[in-house]
Amino acid sequence: MSSKLWYYATAEGSQGPVDEEELFRLVEQDVIRPETLVWTEGLAAWTPAGQLAVIDQARHHFEPPPPPPDPVQRPRSTLRPSAPDPVRRFAARNLDFLVFQMLVLPLIGPLDTSNTGQLAWVLGSLYLSWALIESILLSTLGYTPGKWLLRIEVTDPYGRRLDFVRAMRRSFDVAVRGVGLGLPFFHIFAQLFGLYQLTGKGITPWDRAASCVVTHRPLELSRWLIFLMLVLLMYQQSGGWLEATP
């Protein structure tokens with residue numbers, strides 16, 4: 001340690017002399033700050049402490065290190081869902097299921113719509129199958145054809161894409177509670193109940209259960225026109241099956 005003696009200025013006047021060990025203690029205690037005037041032999045005039053390398057290094061030595069980063073960086077804010085838009089959600093699900101029907105019905109062959117049991121079994125199977133496919137699409141791409149066209153996003157509360165488990169929980173919940181697996185009469189009541197929950201409480205039971213946030217982006221008129229043309233075309237081709245849920 002150097003034997004150099006130091007003086008420092010306070011509101012009461014000049015203080016010192018102090019050796020460097022005492023000087024560093026005063027720096028540690030924040031008595032001597034960067035703007036504090038100090039003088040020692042060799043300096044032409046009183047000088048702010050922050051301009052002297054030896055004192056500045058001592059200050060940094062006593063400063064506490066920054067806290068370590070969090071092991072898991074968690075989002076700081078959450079999203080708020082958009083205002084309920086049951087028409088757009090109904091339309092998007094309609095389109096999704098019609099597209100799925102168009103792909104699957106040729107593999108099934110002609111159906112006897114007068115056979116209620118067969119129709120219920122086929123519809124239930126289709127809705128459960130679509131729920132699985134929808135889960136994969138939402139967890140990988142972040143959207144389905146209908147949601148992409150009508151600009152609907154389904155995310156977790158932090159705006160992140162759904163993981164597969166959360167997406168699957170939501171999609172199968174929709175298939176059962178949202179459309180009643182397409183069973184006659186049940187799907188009507190299921191859709192009405194979903195509409196009541198969405199318009200009255202601002203969220204559907206399946207979005208609440210899976211902690212999902214639905215956001216509606218601004219929609220151009222051209223997208224609605226494309227939607228109407230696609231639905232009319234596929235509705236005609238699929239024999240008039242039009243099933244959806246809010």
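The values are calculated or read from the model by the stated rules, or taken from the named source; none is laboratory data. What you see is a predicted model, and the numbers here were worked out from it, not measured in a lab. All Cβ positions, glycine included, derive from the backbone under ideal geometry; neighbour counts span all protein chains shown.
Brief remarks follow.
- PRO84 falls short on exactly one of the conditions (1) exposed (fewer than 15 other Cβ atoms within 10 Å of the Cβ); (2) at pLDDT 75 or above; (3) in a loop (DSSP other than H, G, I, E, B), and that condition is (1).
- Residues that are hydrophobic (A, V, I, L, M, F, W, C) and more than 29 Å from the chain's Cα centre (by Cα) number at least 2 in the following helices (runs of 4 or more DSSP H) confined to the range 96-207: 116-140, 186-201.
- Residue match in the range 161-172 (condition: surrounded by 18 or more Cβ atoms within 10 Å (Cβ to Cβ), in the same structural domain as TRP121 (by TED's automatic domain parsing), within 30 Å of SER114 (Cβ to Cβ) and out of contact with any Lys or Arg (no Cβ under 8 Å at 6 or more places or on another chain)): yes
- Unique match (being in contact with a Phe, Trp or Tyr (Cβ under 9 Å, 6 or more places away or on another chain), assigned by TED's automatic domain parsing to the domain that holds LEU26, at pLDDT 60 or above and surrounded by fewer than 10 Cβ atoms within 10 Å (Cβ to Cβ)) among ALA49, ALA45: ALA45
- Selected residue [assigned by TED's automatic domain parsing to the domain that holds ARG223 and in contact with a Lys or Arg (Cβ under 9 Å, 6 or more places away or on another chain)] from LEU138, LEU128: LEU138
- Which numbered condition ALA210 misses (of (1) without any contact (Cβ under 8 Å) to a residue 24 or more places away in the chain; (2) within 21 Å of the chain's Cα centre (by Cα)): (1)
- Identification of strands (runs of 3 or more DSSP E) wholly contained in the range 1-56 with 2 or more residues that are of a type in the set (Ser, Thr, Tyr) and in contact (Cβ under 8 Å) with a residue 12 or more places away in the chain yields 5-10.
- Within the range 97-125, if we keep just the residues that are in contact with a Phe, Trp or Tyr (Cβ under 7 Å, 6 or more places away or on another chain) and of a type outside the set (S, T, N, Q), the residue that is surrounded by the most Cβ atoms within 10 Å (Cβ to Cβ) turns out to be PHE97.
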